[in-house]
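Please read the structure below before turning to the comments.
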Amino acid sequence: MKPWQHFKTITRHRMIVMAGCFRIGLIRQGLTHDLSKYSPTEFWNGARHYQGVRSPNAAERENKGYSEAWMHHKGRNRHHYEYWTDMNMEKRVYESVPMPRKYLAEQVMDRRAACIVYQGKDYTDGSALAYFLRSRERELMHPQNRRELHYILTMLKEKGEKETFRYLKKEFLKGHPLPDE
């Protein structure tokens, strides 16, 4: 068990997300981001599976076949696309629903912070996009949110943090359509 190292990692992650959220005007979301990581279910599972180079949820999943911490987390944090899944009453299947933009903007900050924390000196403005493109999660996201997230992460890679944060604050969060719409 590595509770102190886990505590430092999740707190550093929260501070990076908080600073990013503050920069784009999401004060409340910055202050409350990932507080559930300090709950017993998430914290102790994270400390037990802590490695320092990736999410402990992946190690927990490998060990147990599922991640209790992740299931707890995704149901309490609206910046995760998994939170935005509900029953389509006509088709009688669960499917993704559109995530409000303020939570998608927080998700951008979350992905950026995770890359900064886990990649260290290897982090670049293209890290979050590269991770997104490698994962299969794109297939599970609502198409609108997938398009928005891809656009913003591409902007981060190509135009940098300053321009991307300006865009999020001045245009995206004000409801302006994406330039390609």
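Key figures
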{"item": "Helix runs (DSSP H) in the chain reaching 15 Å along axis by Cα, Kyte-Doolittle at least -1.0", "result": "3-23, 101-119"}
{"item": "Estimated dipole of the range 105-176 in Debye, rounded to 20 [Cβ of Lys and Arg +1, of Asp and Glu -1, Cα centre]", "result": "120"}
{"item": "Estimated [θ] at 222 nm from DSSP helical runs (n ≥ 4, -39500 (n - 2.57)) normalised by residues in the chain, nearest 500", "result": "-19000 deg cm²/dmol"}
{"item": "Pair R147, K162: separation of 7 Å Cα→Cβ label points (nm)", "result": "3.1"}
{"item": "Hz values of 3J(HN,Hα) by residue in the range 29-37 - Karplus curve (6.51, -1.76, 1.60), Gly and Pro given as x", "result": "5, x, 5, 9, 4, 6, 4, 5, 5"}
{"item": "Area accessible to solvent at E137, 1.4 Å probe radius, in Å²", "result": "30"}
{"item": "Reach of K162 by Cα under 17 Å, taken over aspartates and glutamates that are not fewer than 8 positions away in the same chain", "result": "E106, D110, D125, E171"}
{"item": "Members of K121/K170; K8/K169; K37/K64; K2/K121; K121/K169 lying beyond 25 Å, as alpha-carbon distances in this model show", "result": "K121/K170; K8/K169; K121/K169"}
{"item": "Compactness index (Cα Rg / 2.2 N^0.38 Å), the chain", "result": "1.03"}
{"item": "Accessible area (Å², 1.4 Å probe, nearest 10) - F172", "result": "0"}
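The values are calculated or read from the model by the stated rules, or taken from the named source; none is laboratory data. In this text, all values refer to a predicted model and were calculated from it rather than measured experimentally. Positions of Cβ are generated from backbone atoms using ideal geometry, with glycine treated the same way; all protein chains shown enter the neighbour counts. Heads up: the accessible areas ignore ligands, DNA and RNA and are worked out on the full protein's heavy atoms, side chains in. Shrake-Rupley method; radii C 1.70, N 1.55, O 1.52, S 1.80 Å.
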